[in-house]
Amino acid sequence: MSGPDIHADIIEDAGAKGAAKEEKETRLMRMGRRWGEWHRKIVGHSHIGFGARIRMLVRQREIWLVLLAVVVGCVAGLVVVALHEIAYLIQTLLYTLPPEQRLSGLGGIDFGQAFIPAAGGILLGIIALLLRNRKSRYVDLVEGNALHGGRLSMVDSLIITGQTIVSNGFGASVGLEAAYTQMGGGIASKLGDLFQLRRVDLRRLVGCGAAGAIAAAFGAPLTGAFYAFELIIGTYTIGTLAPVMAASIAAVLVSGLFGHGAPIVSISQAVAINFPQIAVILLFGLIAGGLGIVLMRLVTWVEAGFKKLNIPTYLRPAAGGLLLGGMALISPKVLSSGHAALQQAFESNPLPIWIAAFVVILKITASAVSLGSGFRGGLFFASLFLGAMVGQILFAVVDFIDPSIFVDDSVPMLVGMAGLAAAIVGGPLTMAFLTLETSGSLPLTVAVLASAVASSMLVRETFGYSFTTWRFHLRGETIRSAHDVGLLRNLTVGKMMRRDLKSIPLGRPIREFRRLYPLGSAQRVIVLNEQEKYAGLIYVSEAYADGVDDETAPIDGLMRFANNVLHPAMGANDAARIFDEAKAEALAVVTDLADRTVIGTLTEAHLLRRYSEELEKVRVDLSGQR
């Protein structure tokens, strides 16, 4: 090989080695940068504590929120197991239940046991007396997520849970689902506070707690997830799917380790759903929706009846317990939420139609008396049992007309369960997934969804509330769902107004007004009467208009909006309506409509800008953006 060729090979080889070395150095530099980024994220600066670094990760990366949701789901599963066992232990001790026997499945109770619900009412009355000086009212999950950004009081959650355990344990016709979800959501809220989660993430985590609780209670992760989407978070987004499902699955796995979470019923046979069945099922849904409205109204009527009788609040649970005990002597199916009674309904032959109707009337009355008299609990499972009984009644009617429509009573019972529960609880997809996970039958799920949708539509069109939002309405709240309206609710006139006031006494001449406020010094001036109260508002530009020639004339003729004022506690929606009615660009804010002491001004432009900013925050929340 000649000299130049050797030289060229050496140069080429050196170049290749140099390129390889440069590539290696570049690769090491990239690895170093990546390590530096991860080091900064995980370790951070030396003055940042470990807890703060973890909080930073949870706030910045969605995967960490999912891991936190798994923790919440595991805790929720344990909470469901513990609360269920406590309530069952109380029932076993008070009613001397045989092993593996549930309260609502008893064949009968003794006369002395009929006074047990009243004893529970006395205990609740004592608790009410001990808490009578508590000024703040209890905040549940829906209200906490709708108004407070997911912030819940653990003290409130413990009190609500304790009252629910006493109510259910002593036999009141209520379920434990309210306690399950309250504790699951309360623990999630406190964990979110610990990690300083953003408002949107805290609301999602509270939904994860509720989803885990319902999933563990029914052994149905999809049911728990859509319970959270429909009732606690208020919407479904991509951003909520992973944490909520992770929490539901974790809760079911944890509760399953302790032998809990078995499906409430099991349907294995094939089901054919065609047009005749769908038509009847839609009718079933409408009937169930109407019955749900009756039950919700009946609770209010019972409360009003106790008030008219002038029974003290702390004695009402005891009085309601006496009534409930009398009904339990007739049929123990009215006691507790009705788990055993529901299982018996699916495992036994259908009841005669008149007996089933009597059980429905008795159970509805027992639930209304329990809640109306002051017992604490939910209607989730009670509505499932009632729906099953209604399904048996409707099956008997349809079977008399055309026996070929339904082979047995299991389909009408599931349809009735979904329809009545959707009317009262307010989650049609939740009920559909409960059926899917119970039966494994897609045609049956479609039928149940049709019933749930028909029931929900009837309730929304004629009544407008689920049981939870109906209770909010009775105490003056306007919450219709768990959507985050807290941001807009907190956007009040008092927070948006400007306090730097320009004012002038009433009756002063225009000359003095022009001297005090030349063009460009202010846009508007408040006019005060002799008592230094609001009299009107003057635009400075109008005082310099071409038609204003008499400088000795009083400013009274330039005043506008004498009867249009804002209050600091007024919400953005109400303020916008007043601006629109007055056709005003700015209005004065007064302390009271009677006192009319001016404390600030607010422009329509600033109101609309702030309102748009808050709507954008809500839009980002709904879209799942971080």
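Cα convex hull, region 488-618: 106 Å³ per residue, rounded to a whole number. Of 435, 235, 468, the sequence from fewest to most neighbouring Cβ atoms within 10 angstrom is 235, 468, 435. Count charges around residue 217 for me, please; just the other residues with Cβ under 15 Å from its Cβ, Lys/Arg as +1, Asp/Glu as -1. Computed value for this residue: -2.
By the beta-carbon count within 10 Å of each Cβ, the least crowded to most crowded order of 227, 314, fewest first, is 314, 227.
Peptides 203-209, 332-338, 500-506 ranked from most to least packed give 203-209, 332-338, 500-506, packing being the mean of other C-beta atoms within 10 angstrom over each peptide's residues.
Classify region 377-460 as rounded, prolate or oblate, taking a ≥ b ≥ c as the square roots of the eigenvalues of its Cα gyration tensor: rounded when a/c is under 1.5, otherwise prolate if a/b is larger than b/c and oblate if not. Because a/c hits 1.5 or more and a/b exceeds b/c, region 377-460 counts as prolate. When only alpha carbons are used to place a centre, region 362-390 and region 298-326 end up 15 Å from one another. In this structure, the amide hydrogen of residue 566, modeled 1.01 Å from its nitrogen in the peptide plane, lies closer than 5 angstrom to those of 588, 589, 590, counting only residues at least 5 positions away or on a different chain.
Among 389, 327, 413, the ranking by other beta carbons within 10 Å of each residue's beta carbon, starting with the fewest, stands as 327, 413, 389. Projecting the Cα atoms of 455, 278, 424 onto the dipole axis of region 275-482, where Lys and Arg carry +1 and Asp and Glu carry -1 at the beta carbon, places 424 farthest toward the positive end.
Separation of the alpha carbons by more than 28 angstrom is noted, of 502/583; 190/307; 495/583; 135/363, for 190/307; 135/363.
Under 5 Å between amide hydrogens, built in the peptide plane, is the criterion, and for residue 524 it picks out 540 among residues at least 5 positions away or on other chains.
Overall shape: oblate for region 275-482, with the ratio a/c of the largest to smallest alpha carbon gyration tensor axis at 1.5 or above and b/c at least equal to a/b. What is region 151-310 by shape, rounded, prolate or oblate, if you read a ≥ b ≥ c off the alpha carbon gyration tensor as root eigenvalues and call it rounded for a/c under 1.5, prolate for a/b larger than b/c, and oblate otherwise? Taking the square roots of the gyration eigenvalues as a ≥ b ≥ c, region 151-310 is oblate.
Computed from the coordinates by the stated procedures, all read-outs in this text should not be read as laboratory data. Not measured: the values here are computed from a predicted model. So basically every Cβ, Gly included, is an ideal-geometry build from the backbone, and we count neighbours across all protein chains shown.
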